[in-house]
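First the structure, in the form of structure tokens, and then the observations on it.
The values are calculated or read from the model by the stated rules, or taken from the named source; none is laboratory data. The model shown is predicted, which means the values in this text are computed figures rather than measured ones. Neighbour counts are summed over all protein chains in view; Cβ atoms, including those assigned to glycine, are modelled from backbone coordinates with ideal geometry.
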Amino acid sequence: MAKELDRKKVGKVVKKAKKKENALTISIYDLDGKIEKEIELPKEIFSVKVSPRLLTQYVRVYLANQRQGTASTKTRGEVSGSTRKIYRQKGTGRARHGDIKAPIFVGGGIVGGPRPKDFRLKIGRKQKKKALLGALTLKQESKELIGLSDKFLSVKPKTKLLIEFFQKLNLEKEKKLLVIPLLEKNQLLLAVRNIPTVTVVSATALNCYQLLNHKKILFIAKTIEVIKNINKDEN
């Protein structure tokens with residue numbers, strides 16, 4: 001019996017060791033630039049199959065949907081002006097004309113000019129989700145995810161503190177996306193708002209384009225749980 005128990009214990013240790021080897025982890029940094037701890041990343045979010053074609057499609061749809069399509073010119077029917085005949089039909093030696101608003105006259109209507117247009121494209125909800133998870137996986141595989149302690153949310157509202165932190169990690173020149181649990185007024189937002197290389201977004205508003213458009217992704221530790229819960233709700 002003792003040998004069997006020993007084998008079971010060894011088996012459990014081996015299984016735990018394999019889990020640790022296969023586990024995805026991320027280092028959590030404190031304000032001093034030191035590693036505070038390491039946390040495990042959920043594989044269903046940070047280790048999924050990536051489809052480059054889907055990511056390309058999402059970026060195309062996202063950029064198309066940012067277009068306002070409000071450029072507009074007036075046709076001869078929309079230009080304000082007199083409707084009388086500008087000069088008599090015959091006897092002037094000039095070509096016959098009846099409307100001062102014709103396109104050939106200065107101040108007249110525009111032919112073939114831009115008109116208001118809706119450039120929006122559609123993409124499925126499941127496709128959006130797959131693209132987001134694919135982008136998160138890409139950032140994790142390329143070691144561009146950086147975890148921040150929850151204490152950052154209550155940091156003193158001084159820009160200098162954040163700049164010094166980025167300098168310690170050699171991130172001062174990198175284009176960074178800071179993902180926080182909720183986009184509400186807090187100390188961290190006040191401290192980071194004057195740093196041009198940092199964009200702040202809440203976990204609920206995070207999208208694939210933002211992830212791909214930034215070199216480094218900074219996560220507050222709580223944010224990962226928020227993203228995990230959102231993913232569960234959608235399932």
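Yes/no matrix, rows are residues, columns are (1) at pLDDT 95 or above; (2) among the β-branched types (Val, Ile, Thr); (3) touching a strand residue (DSSP E or B) at 6+ places or on another chain (Cβ under 7 Å); (4) not assigned by TED's automatic domain parsing to the domain that holds residue 203:
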residue	(1), (2), (3), (4)
5	no, no, no, yes
9	no, no, no, yes
13	no, yes, no, yes
36	no, no, yes, no
41	no, no, yes, no
46	no, no, yes, no
53	yes, no, no, no
59	yes, yes, no, no
63	yes, no, no, no
Subject >> Pairs, first in the same structural domain as residue 149 (by TED's automatic domain parsing) and within 13 Å of residue 154 (Cβ to Cβ) in the stretch 184-197, second aromatic (Phe, Trp, Tyr) and at pLDDT below 90, C-beta under 8 Å, six or more apart >> reply: 188/152
**OP:** Quick one: residue 94 ticks every box in (1) in a loop (DSSP other than H, G, I, E, B); (2) without any contact (Cβ under 8 Å) to a residue 12 or more places away in the chain; (3) under 21 Å from residue 210 (Cα atoms) except a single one, so which number is it?
**Re:** (3)
Original post:
Within the stretch 148-181, how many residues are in a loop (DSSP other than H, G, I, E, B) and either in contact with a Cys (Cβ under 8 Å, 6 or more places away or on another chain) or without any contact (Cβ under 8 Å) to a residue 60 or more places away in the chain (or both)?
Top reply: 10
Original post:
On the given criteria, is residue 76 basic (Lys, Arg) and surrounded by 14 or more Cβ atoms within 10 Å (Cβ to Cβ)?
Top reply: yes
Subject >> Given (1) touching a Leu at 6+ places or on another chain (Cβ under 6 Å); (2) not in a helix (DSSP H, G or I), number of the condition residue 61 does not satisfy >> reply: (2)
Subject >> Options 218, 211: the member that is assigned by TED's automatic domain parsing to the domain that holds residue 61, in contact (Cβ under 8 Å) with a residue 40 or more places away in the chain, in a strand (DSSP E or B) and surrounded by 18 or more Cβ atoms within 10 Å (Cβ to Cβ) >> reply: 218
Original post:
Within the bounds of the stretch 35-47, is there any residue that is closer than 19 Å to residue 104 by Cα and in contact (Cβ under 8 Å) with a residue 40 or more places away in the chain?
Top reply: no
Subject >> Selected residue (criterion: surrounded by the fewest Cβ atoms within 10 Å (Cβ to Cβ)) from residues of the stretch 151-179 that are modelled with pLDDT under 90, within 23 Å of residue 229 (Cβ to Cβ) and within 23 Å of the chain's Cα centre (by Cα) >> reply: 153
**OP:** Check whether at least one residue in the stretch 19-26 is within 30 Å of residue 166 (Cα to Cα), surrounded by 10 or more Cβ atoms within 10 Å (Cβ to Cβ), at pLDDT below 90 and among the hydroxyl-bearing types (Ser, Thr, Tyr), and report yes or no.
**Re:** yes
